[in-house]
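The values are calculated or read from the model by the stated rules, or taken from the named source; none is laboratory data. Bear in mind the structure is a predicted one, so any value in this text is a computation, not a measurement. Cβ coordinates were reconstructed from backbone atoms using ideal geometry, including for glycine residues, and neighbour counts include every protein chain displayed.
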Amino acid sequence: MTHLLGGRVRPGDRGEYGLATLDLDDTSDPMFAGLAGSQQIWMNHRDVVEAPPDGFRVIGRTDTCAVAAIADSARHLYGVQFHPEVVHTIRGQEYLANFIFRVCRCQKDWDPRHRLPLIEAEIRESVGDRRVFFFVSGGVDSSVAFALCRRALGGDRVRGIYVDTGLMREGETDFVRGLGGLAIEDASSQFLGALSGVTEPEQKRHIIGEEFVRVQERIIESRSLADECWILGQGTIYPDTIESGGTAKAAVIKTHHNRVAGIQKLIAAGRIVEPLKSFYKDEVRAVGRELGLPGDLLDRHPFPGPGLAIRCLCAASDARLERIADGWIIPVRSVGVQGDARTYAPVLAIDAMDHAHATVLTNRLRKVNRVVALVEAHAQLHDMSIRASALSPGRLQRLRHADATVRRISHASGYDRQVWQFPVILIPLGSSDAPDSIVLRPIDSVDGMTAQSVGMDAEILRSMCAELLSVPGIAGVFYDLTHKPPGTIEWE
Ligand code: XMP
């Protein structure tokens with residue numbers, strides 16, 4: 001808006017990613033009613049407004065950003081540099097409510113209690129007299145979407161199939177079997193074969209997406225689902241759509257299988273139903289509760305479709321760590337989201353479990369998008385290096401074992417109920433007898449769009465570390481201190 005209306009925008013000297021404090025001037029403008037003072041907000045930018053356009057007043061600022069909120073009350077034009085829509089902007093909902101109800105003068109006419117019948121009516125409308133088959137992952141989204149369709153269309157018009165990719169966590173296939181009403185297809189050798197020797201993160205995601213489509217096509221054929229009377233049901237949720245570039249301006253932040261070419265063809269042919277595509281995760285859980293689905297299914301942490309593959313980092317060749325004044329640069333490629341772009345960058349390892357310092361470092365250092373703390377290791381960091389490695393069954397098993405260990409301790413201590421998600425990542429950092437390390441990434445979030453790295457009770461961390469360091473092949477344990485932005489929740 002600044003650019004188009006004749007103001008000046010330029011790249012900032014520093015980035016401002018994640019938590020920030022906004023100072024908002026006292027104002028009588030309806031847009032900022034009740035909001036003056038100091039507030040926690042969430043930033044995600046490097047560009048700055050140098051001079052607002054004529055007619056605008058600067059209303060708010062942070063330490064890094066001199067123009068964080070502008071207003072032209074006469075024309076009802078408002079701009080904020082921060083993100084009012086994310087939960088970490090504590091009073092974000094009030095900004096949005098002020099804009100909608102006080103500035104635009106909209107009326108409230110939506111009652112969430114009417115949600116289920118509406119979704120069911122939409123499903124019936126888009127499915128018509130056809131039948132729906134689902135590839136159910138055992139996660140919240142696909143299970144809720146499956147249950148919704150069964151309720152809307154009746155059980156005999158909806159079929160569910162679970163594909164065992166060989167990239168699932170320990171005990172997952174048994175858990176899914178327990179859900180009932182599903183057929184199980186073992187495609188593990190197909191996935192692991194296609195991924196063997198591949199180290200490039202985006203290529204891994206692409207292969208997994210393509211293999212999913214191949215498996216789907218094979219199942220469709222072998223179970224006679226090719227007939228026009230069947231369509232595909234999916235548990236795609238709103239962040240998947242936004243982060244895959246589904247909205248007009250979003251960059252391709254998440255490139256996963258919900259939107260690969262094979263699926264696009266089905267969408268183009270109108271042979272797909274995605275009843276949750278405009279819902280966030282918390283809303284999906286609420287819908288699931290309304291449907292009466294069990295708590296241990298609905299309260300599961302999210303788990304990504306490509307599975308452990310995107311938590312098992314690989315390296316094409318050996319590489320040494322680089323010592324800099326702030327710590328050690330680990331030359332793996334981990335994904336981040338800074339501004340609207342998806343970036344792959346190395347990771348900085350520091351000694352202290354200091355979240356605030358980690359934020360300062362990712363804002364200052366352009367070449368890293370993530371900061372981890374070394375918790376404990378069998379060797380000194382300068383004796384460890386990145387080891388050429390791929391997605392071998394042995395490494396996947398190592399990660400599966402570590403992940404099951406972390407989940408067991410986290411569940412027994414109640415820690416899993418305090419965090420939104422807790423990825424466990426394997427990185428090829430170690431020595432010849434213990435070639436890998438583990439990164440713990442517990443985060444708090446509401447919808448996965450933004451996230452806050454959270455701390456952990458020292459005693460729980462100690463017991464996790466002790467068990468993880470006794471897993472054969474594990475050299476060290478690290479703790480991811482990075483918020484999203486600048487680091488995504490997953491590492492690839
Ligand atoms: P990121 O890593 O993008 O993750 O911050 C946000 C949320 O999305 C999950 N995620 C995925 N889920 N397929 C999925 O079904 C994917 O390719 C994928 N990538 C990330 C992630 O676990 C987190 O909950």
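Taking Asp354 as the residue in question, decide whether it is within 16 Å of the ligand (Cβ to nearest atom), exposed (fewer than 15 other Cβ atoms within 10 Å of the Cβ) and within 25 Å of the chain's Cα centre (by Cα).
Numbers: within 16 Å of the ligand (Cβ to nearest atom): no; exposed (fewer than 15 other Cβ atoms within 10 Å of the Cβ): yes; within 25 Å of the chain's Cα centre (by Cα): yes.
Here the answer is no, as Asp354 does not meet what is asked.
Of all the helices (runs of 4 or more DSSP H) wholly in region 133-249, which have at least 2 residues that are away from the ligand (no atom under 13 Å from the Cβ)? Working first, answer last.
Working: elements: 140-153, 172-179, 188-195, 201-222, 238-243.
Output list reads 140-153, 172-179, 188-195, 201-222.
On the basis of being in contact (Cβ under 8 Å) with a residue 40 or more places away in the chain and of a type in the set (A, V, I, L, M), does Ile220 make the cut? Walk me through it before giving the result.
Details: in contact (Cβ under 8 Å) with a residue 40 or more places away in the chain: yes; of a type in the set (A, V, I, L, M): yes.
Yes, satisfied.
Regarding Gly292, is this residue closer than 18 Å to Gly448 by Cα, among the small types (Gly, Ala, Ser) and away from the ligand (no atom under 12 Å from the Cβ)?
So Gly292 does not fit the description; no.
I'd like to check something: does region 129-142 contain any residue that is aliphatic (A, V, I, L, M) and farther than 19 Å from Pro275 by Cα? Walk me through it before giving the result.
First, the residues of region 129-142 that are aliphatic (A, V, I, L, M): 132, 136, 140.
In the following step, the residues that additionally are farther than 19 Å from Pro275 by Cα were identified as none.
Within region 129-142, not a single residue is aliphatic (A, V, I, L, M) and farther than 19 Å from Pro275 by Cα.
Being of a type in the set (Phe, Trp, Tyr), more than 24 Å from Ser222 (Cα to Cα) and either buried (at least 20 other Cβ atoms within 10 Å of the Cβ) or more than 22 Å from the chain's Cα centre (by Cα) (or both) narrows it down to one of Phe146, Phe175, so name that one. Break it down into steps so the answer makes sense when it comes.
Values: Phe146 fails: more than 24 Å from Ser222 (Cα to Cα).
After ruling out the rest, the residue left standing is Phe175.
Would you call Ser137 more than 25 Å from Gln397 (Cβ to Cβ), within 27 Å of the chain's Cα centre (by Cα) and among the polar types (S, T, N, Q)? Before you say what the answer is, go through the steps one by one.
Details: more than 25 Å from Gln397 (Cβ to Cβ): no; within 27 Å of the chain's Cα centre (by Cα): yes; among the polar types (S, T, N, Q): yes.
No: the conditions fail for Ser137.
Residue check, Ser432 against (1) surrounded by fewer than 19 Cβ atoms within 10 Å (Cβ to Cβ); (2) farther than 29 Å from Phe279 by Cα; (3) within 16 Å of the ligand (Cβ to nearest atom), all met but one. Which one?
All conditions are met except number (3).
Any idea which of Val368, Val375, Val446 is more than 23 Å from Asp351 (Cα to Cα), in contact with a helix residue (DSSP H, G or I) (Cβ under 7 Å, 6 or more places away or on another chain) and outside any helix (DSSP H, G or I)?
Numbers: Val368 fails: more than 23 Å from Asp351 (Cα to Cα); Val375 fails: more than 23 Å from Asp351 (Cα to Cα).
On inspection, the qualifying residue turns out to be Val446.
Going through Arg115, Arg91 one at a time, which residue ends up being surrounded by 11 or more Cβ atoms within 10 Å (Cβ to Cβ) and either aromatic (Phe, Trp, Tyr) or closer than 17 Å to Pro275 by Cα (or both)? Show your work before the answer.
Details: Arg91 fails: either aromatic (Phe, Trp, Tyr) or closer than 17 Å to Pro275 by Cα (or both).
When all the criteria are applied, what remains is Arg115.
Name the residues in region 448-479 that are under 19 Å from Asn44 (Cα atoms) and surrounded by 20 or more Cβ atoms within 10 Å (Cβ to Cβ), would you?
Hits for region 448-479 are Gly448, Met449, Thr450, Ala451, Ser453.
When you check Asp447 against the structure, is it within 15 Å of the ligand (Cβ to nearest atom) and not hydrophobic (A, V, I, L, M, F, W, C), yes or no? Steps first, please.
Numbers: within 15 Å of the ligand (Cβ to nearest atom): yes; not hydrophobic (A, V, I, L, M, F, W, C): yes.
Taking the combined requirement at face value, the residue satisfies it.
Could you check region 73-83 and list, in sequence order, the residues that are buried (at least 18 other Cβ atoms within 10 Å of the Cβ) and assigned to a strand (DSSP E or B)? If you could, list the steps in order and put the result at the bottom.
To start, the set of residues in region 73-83 that are buried (at least 18 other Cβ atoms within 10 Å of the Cβ) comprises 73, 78-83.
Tyr78, Gly79, Val80, listed by residue number.
Among (1) part of a loop (DSSP other than H, G, I, E, B); (2) modelled with pLDDT of 85 or more, which single condition is Val252 missing?
(2)
Across region 303-350, which residue is nearest to the ligand (Cβ to nearest atom) among those that are hydroxyl-bearing (Ser, Thr, Tyr) and in a strand (DSSP E or B)? Spell out the reasoning first.
We begin by selecting, within region 303-350, every residue hydroxyl-bearing (Ser, Thr, Tyr); these are 317, 334, 343-344.
Of the ones still in play, those that are also in a strand (DSSP E or B) are 334, 343-344.
On the way: Ser334: 10, Thr343: 12, Tyr344: 13 Å.
The selected residue is Ser334.
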